[in-house]
Amino acid sequence: VFAHFLMPHPPYLYDENGSIQQNKFDTMVRNNLYEQNNESYLAFLKYGNNITLNLLNQLLNTKEKQPIIIIFGDHGIRQKMYTIDEQKYFPELKKDEWFLKSHFNTFLAYYNPDINKEYYKNTNSLVNFYRKFANEVFGTEFQTLPDKKFYIYFDQSPILFDKIKGEYVK
């Protein structure tokens, strides 16, 4: 089973108790600079963690044979980015050590009851995780790739939330 949970992606809809966050919008835009709403992000992250832990408990308690479980982020925290002409501002952004570290710090956790391996100890990226995992679990012979990081510019019009309609609009 593959599932992609949009937690803690914006919009940060729920607080840590699962209640809808009122007037807690996901981003603020000033001069095309996206800034994360840290309070709403953290509350939604806690909610997402609770959902994930409940799902894991159900998986581990209802199967005759223990499943292999992989929890994998698709990117790190994006606290700051420009929504228009980001390529123009990127030289400024990459001077910020937290910016680079947070963008490329992608979460990975896995559980394999049959094999105790640390596939990603001392690596710089997750590009080879599934290659190493498939080789170990399924006996494939995928070659590893160089650990590289790519930044794709966020270059679109700002997305705004229309409070009256209750929807996102460009």
Check: Taking amide hydrogens as modeled 1.01 Å from N in the peptide plane, which residues meet the under 5 Å criterion relative to ILE77, leaving out close sequence neighbours?
Finding: ASN105
Item checked: From phi via Karplus (6.51, -1.76, 1.60), per-residue ³J(HN,Hα) for segment 93-103 in Hz, x at Gly/Pro -> 5, 6, 6, 7, 4, 5, 4, 5, 4, 5, 5
Notebook entry, point to check: With every protein chain left in place, what is the accessible area of LEU56 in Å² (1.4 Å probe, nearest 10)?
Noted result: 40 Å²
Margin query: Can you give me the long-range amide H partners of GLN21? Hydrogens built in the peptide plane at 1.01 Å from N, cutoff under 5 Å, separation of 5 or more residues or another chain.
Written below: TYR14, ASP15
Checklist line | Distant-in-sequence amide H partners of TYR110 (H built 1.01 Å from N, under 5 Å) | finding: ILE71
Notebook entry, point to check: Tell me, what is the per residue accessible area of segment 34-107 in Å², probe radius 1.4 Å?
Noted result: 66 Å²
Margin query: Calculate the FRET efficiency for GLN79 and ALA3 from the Cβ-Cβ distance with a Förster distance of 22 Å, rounded to the nearest 0.05.
Written below: 0.30
Item checked: Whole-Hz ³J(HN,Hα) from phi, Karplus 6.51 cos²θ - 1.76 cosθ + 1.60, for segment 44-49, glycine and proline x -> 5, 4, 4, 4, x, 4
Note to self: Suppose accessible area is computed on protein heavy atoms with a 1.4 Å probe; arrange PHE142, PHE90 from highest to lowest.
What the structure shows: PHE142, PHE90
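The values are calculated or read from the model by the stated rules, or taken from the named source; none is laboratory data. None of the values given here were measured: they were computed from a predicted structure. Cβ: placed from backbone, ideal geometry, glycine included. Neighbour counts: every protein chain shown. SASA here: full protein model, heavy atoms, side chains in, ligands and nucleic acids out. Shrake-Rupley method; radii C 1.70, N 1.55, O 1.52, S 1.80 Å.
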